[in-house]
Structures are given as C-alpha cells and as structure tokens.
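In what follows, a structure is listed as structure tokens, so that the remarks can point back to it.
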Amino acid sequence: DGGITQSPKYLFRKEGQNVTLSCEQNLNHDAMYWYRQDPGQGLRLIYYSQIVNDFQKGDIAEGYSVSREKKESFPLTVTSAQKNPTAFYLCASSTRDEIALLTDTQYFGPGTRLTVL
Amino acid sequence: EDKVVQSPLSLVVHEGDTVTLNCSYEVTNFRSLLWYKQEKKAPTFLFMLTSSGIEKKSGRLSSILDKKELFSILNITATQTGDSAIYLCAVKLLAGSARQLTFGSGTQLTVLP
C-alpha cells in the first residue's frame, strides 16, 4: 500500500536533548513537508523540500533541522534550541507535477506527538 | 504576508443542527482552497475549490468559494457526533510557489448527542 509513515507515534524527551522524528513515503512524491500543530490550532510549516538534497525554511524553522538525502525520507530533528517543542508533528508529501497538482493535494502521515518533560 | 483566517475558532452544537464554518484569505498567487477534517491524527481531505460559485457536495457536507470576496464556507447539515473534529482550511498557491499550502488555525467542532 502506498502512503506516508511517521515514527514514533509518541515521543518523550528531556529538556536539552535533541530528538529526530522519522518520515518515510512510498508515493514517489518529490515534495515533502513538516508541520507543527499546537492544541486547538492549525498547521504551521517548519521546513519543506521540493527535491532531494534541497530544502527551505518555513514559518517556524528556528530550533529545527532537516535533511533530504533520499527521495523517500525527510527526517526532522528537534534541537535543544527549540524553546517550546511539545506539539504534534505532521509530515506530508505531494507531487510536483503541475498537471497533477490541479486536482491533487498533500498527503499526510499519522503524526508524532512529542512531549518534553 | 499570506493569511488564512477561520471562524469561529470553536463551535458546540447538538446532533441534527446545521453548521457553517468560514474561511477568509489574503494571499498572493491564489490557485485553490482546500478543506480538511482532522479527528485525532492526520488531516483527511474533504474538498478542493478552484472556481467561484460552484458548490462541491459530499453527503451532508458542502462547500463553496467566493473569489471576489476572498472567502469560502463549509456547511454540514444534520450534524452527527462523528462530525466532531477540527476543520482546517488551506489555500494552495500557484505553480512555482514551493510552499503549496497555507493553513488557517482551524475550527474545533463539537457535536453533542
């Protein structure tokens, strides 16, 4: 089955520790995204990547880092510099094909809930 | 700066009520507007609206876009407890805009039995 997987589902970390969230897709999508969602709120864009070995900062990139070494994978590292990391993190992917984009949308993974103790 | 604003932020109704959720936007390079439903995990896609005045319908849900006034509404008739969720509105930008989607803050809908 094609889709996006995120792991782990729940993650706990102590203050001052870095932690990496996994996102993998087998949809053959070029573009991948990381969003953060706080309780009762919408999605805010952290980082996005249109192709392998390239990525751009979104609206709230401070304290986060990403890599895109493979098309299928876009891991997000939450560093100790992120002041308020407790949140729900969603990964998404989409095609970059302009014809497909007329009717297609982003596909989301199931999310990782990060709690900093 | 691109902006998508949803209202109300939260809404509590009883089963059988009809609700209208609002989404207004101010963006450059508008292509289309999307509605998602988010229960506990990943948002699930509901509608994509590109043209003004054409209603999209799926069961008890319907949505319409007004590109002149820059807003969209999502209607849910005969609400059920299973409609309880966060409803997210997002605007898709034109080709060449790598970010693709700008989201509103969502409307938290609670349907009581």
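Since every read-out is calculated from the coordinates, none of them should be taken as a lab result. Quick caveat, the model's predicted, so the values are computed rather than measured. Virtual Cβ from ideal backbone geometry, glycine too; neighbours counted across all protein chains shown.
At-a-glance table
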| quantity | calculated |
| --- | --- |
| Within the stretch B:27-51, considering residues that are free of Cβ contacts under 8 Å to residues at least 12 places away in the same chain, part of a loop (DSSP other than H, G, I, E, B) and not aliphatic (A, V, I, L, M), the one nearest to B:Thr110 (Cα to Cα) | B:Lys40 |
| Of the criteria (1) farther than 26 Å from B:Leu112 by Cβ; (2) touching a residue at least 12 places away in the same chain (Cβ under 8 Å); (3) touching a Phe, Trp or Tyr at 6+ places or on another chain (Cβ under 9 Å); (4) within 13 Å of chain A (Cβ to nearest Cβ), which one B:Ser24 fails | (4) |
| Where a residue in the stretch A:38-50 is within 13 Å of B:Phe103 (Cα to Cα) and its partner, wherever it lies, is of a type in the set (Val, Ile, Thr) and part of a loop (DSSP other than H, G, I, E, B), with Cβ under 6 Å and at least six apart | A:Arg44/A:Ile60; A:Ile46/A:Ile60 |
| Options B:Thr79, B:Thr44: the member that is hydroxyl-bearing (Ser, Thr, Tyr) and within 14 Å of chain A (Cβ to nearest Cβ) | B:Thr44 |
| Qualifying residues in the stretch B:77-113 (those that are under 11 Å from the mean Cα position of the chain (by Cα) and in a strand (DSSP E or B)) - the one surrounded by the most Cβ atoms within 10 Å (Cβ to Cβ) | B:Cys89 |
| Positions within the stretch A:37-62 being assigned to a strand (DSSP E or B) and more than 11 Å from every other protein chain (Cβ to nearest Cβ), in sequence order | A:Ile46 |
